[in-house]
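This report concerns only the one structure given below.
The values are calculated or read from the model by the stated rules, or taken from the named source; none is laboratory data. Being a predicted model, the structure only gives us computed values, none of them experimental. Here the Cβ positions follow ideal geometry from the backbone for every residue, glycine too, while neighbour counts run over all protein chains shown. Remember, those area values only see protein heavy atoms, side chains included, never the ligands or the DNA or RNA. Shrake-Rupley method; radii C 1.70, N 1.55, O 1.52, S 1.80 Å.
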Amino acid sequence: MTGKSVVIDRGTTRATSGVALFALGILSALPSSALATSTAELEQRVADLKRQLAEAEQALSQAKTGTSSAPIEAATVAQQTVEQETVEQQFDVVSAPAAEADQGFKIGPVTIGGAMRVNYVLGSYRGYDDGPNRGGNGGNVELDTFRIDLALDYNNIIGKLEYRWYPASSGESYNFLHTGWIGYRFADDSEIQVGVNRVPFGPGPYGVSQSWFFDQHYYVGLADDMDLGIKYTTSIDDWTIDVAYYAASEGSYFGRSLNSARYSYDAVRWTESVDQDGNVSYGGAHNGYEERNQLNVRAIYSLSDVAIPTDIGASLQYGQLKGQRTDDGSHWAASAHMVSHLDNWTLAAQLTRYEYDIDGDNPWGTDTLVPMGAYDFAWPVAAKAWIPAVSLSYKHETPRIPWLDYVLPYVEYSSIVKDEDAFNDSDMFVVGAAWARGGWYIYSDLAYSNGNYFVGNEAAHDGSDDYGRIDGVGDFGVNGNDEWNYRFNLNLGYYF
């Protein structure tokens, strides 16, 4: 964060001044006989002191480079990411495994690592007895994901590659590239990344969230979104600035869906259509959108010399949509966000407005919904909405407990407040804690939602979500099944 950069700069100033005072002290402590020596000897001593000062300044400069103030995702490319997938959180309350920096093994400038995670699910589900994302009413245990990471750090050349495999309830699986970029770290800690990298939007990589579920920004493509393009990050005084251009989304890889075998949510193509009565037909002609030519700007200002250090920022995004069996469109989003710290407490808040501007003459018959997909599945999302989100967390280190490094309890709330009066808003509460020990990182979350299809599928009158109708699902679009469901989720991950 920018605040870290300020501390480092001041530390550099204090250290440099200290070396100078040390040198003056040595001169003043010299005996008179030494001061009476030849001019050549004095000049030699001064030269030696200058050399020592230069070496100290060089060491400090190297130390500063090693603690970059750029976003955490690229500050130490050899680190593993740990999110809801990982927990490479943007906050100073670091939610990564305690031994994260020691994970993986090195082959020259390349660090090789990975992770394996297992999920236990218990919640409001009907008709689902398998799969890691939707547990049966009695609960179930399944493999969540397996991933391989490669990180490059050679002189100033940096890079990262991450690939993931997920099981599916049918016994099949899907897999995709999560991250794949190469870049350069400049002497002032600025960075440039080219390839599939994280879009700079919101207060950090995962919005305001610390939980396994993320907040609702993620499910409309506005948190932890990976796209294909070029991103530049720099710090100017107390500012951290990101500017990026993305030619396309990260793309779809290997799965059963047409265009949704991907990690992050994007506007996608699919094979569904909807008739005038709201009935969904599957397996038809390809239609929908592909993201093109997206621009992002994010600015975060760090207030570090105040009673409650706070990062205040704003994010802007605009992009084009290439349509198939429908006209081209566009989308934009704007967000204001802040993250405050008081001792081990972290309070984060975000307010976002997003709009997808599309034509209603399309196979799903409306301009108020746009198909978006991830995790090998696509479904409509409200085209225009506000998203408020807030989280509070506390990091408690446990040096007296040999089997635990720290625990991070949190509470979070977010909502998709939709423009359409006929749509029900999609709310989500999460209460939980993350537990870290060495390479282990465990989430224990209780989620309660009336519009997130990862959190239960029970409907009124003992029914369940009906994916045969556009208004039959508790989702991010119409949310016709406006029922509150719960899900207890225990995710055990080992990062190697």
Long-range HN-HN contacts of residue 364 with modeled amide H, under 5 Å: 274
Stretchable slack from residue 401 to residue 330, in nm (0.36 nm times residue separation minus alpha-carbon distance): 20.3 nm
Solvent accessible area, Å² - residue 254, 1.4 Å probe, full protein context: 130
Spherically averaged projected area of segment 267-393 from its Cα convex hull (nm²): 9.4
Cα radius of gyration and Dmax for segment 247-291 (Å): 11.8, 37
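Whole number in Å², please: accessible area per residue of segment 414-496, 1.4 Å probe, ligands, DNA and RNA not counted. Walk me through the intermediate numbers first.
Details: 3120 Å² over 83 residues.
Dividing the accessible area of segment 414-496 by its residue count gives 38 Å².
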Pairs of alpha carbons in segment 437-496 whose separation is greater than 12 Å (percent): 67
Binned Cα-Cα distances of segment 132-262, short to long, each 5 Å bin given as a whole percent: 2, 9, 14, 19, 21, 16, 9, 5, 3, 2, 1, 0
Radius of gyration and Dmax over the Cα atoms of segment 407-452, both given in Å: 14.8, 49
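Select from segment 346-432 those trypsin sites (Lys or Arg not before Pro) which occupy a DSSP coil region and have at most 14 other Cβ atoms within 10 Å, ordered by residue number. Don't jump to the answer; show the numbers that get you there.
Numbers: sites: 353, 384, 395, 400, 418; in loops: 395, 400.
Hits after loop and neighbour filter: 400.
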Accessible surface, per residue, of segment 211-331 when the full set of protein chains is kept, probe 1.4 Å, Å²: 39
P(r) of segment 264-316 over all Cα-Cα pairs, binned every 5 Å from zero, in whole percent: 4, 13, 12, 13, 10, 8, 8, 9, 7, 6, 6, 3
Alpha-carbon Debye profile of segment 182-316, log10 I(q)/I(0) at 0.17, 0.21 Å⁻¹: -1.00, -1.29
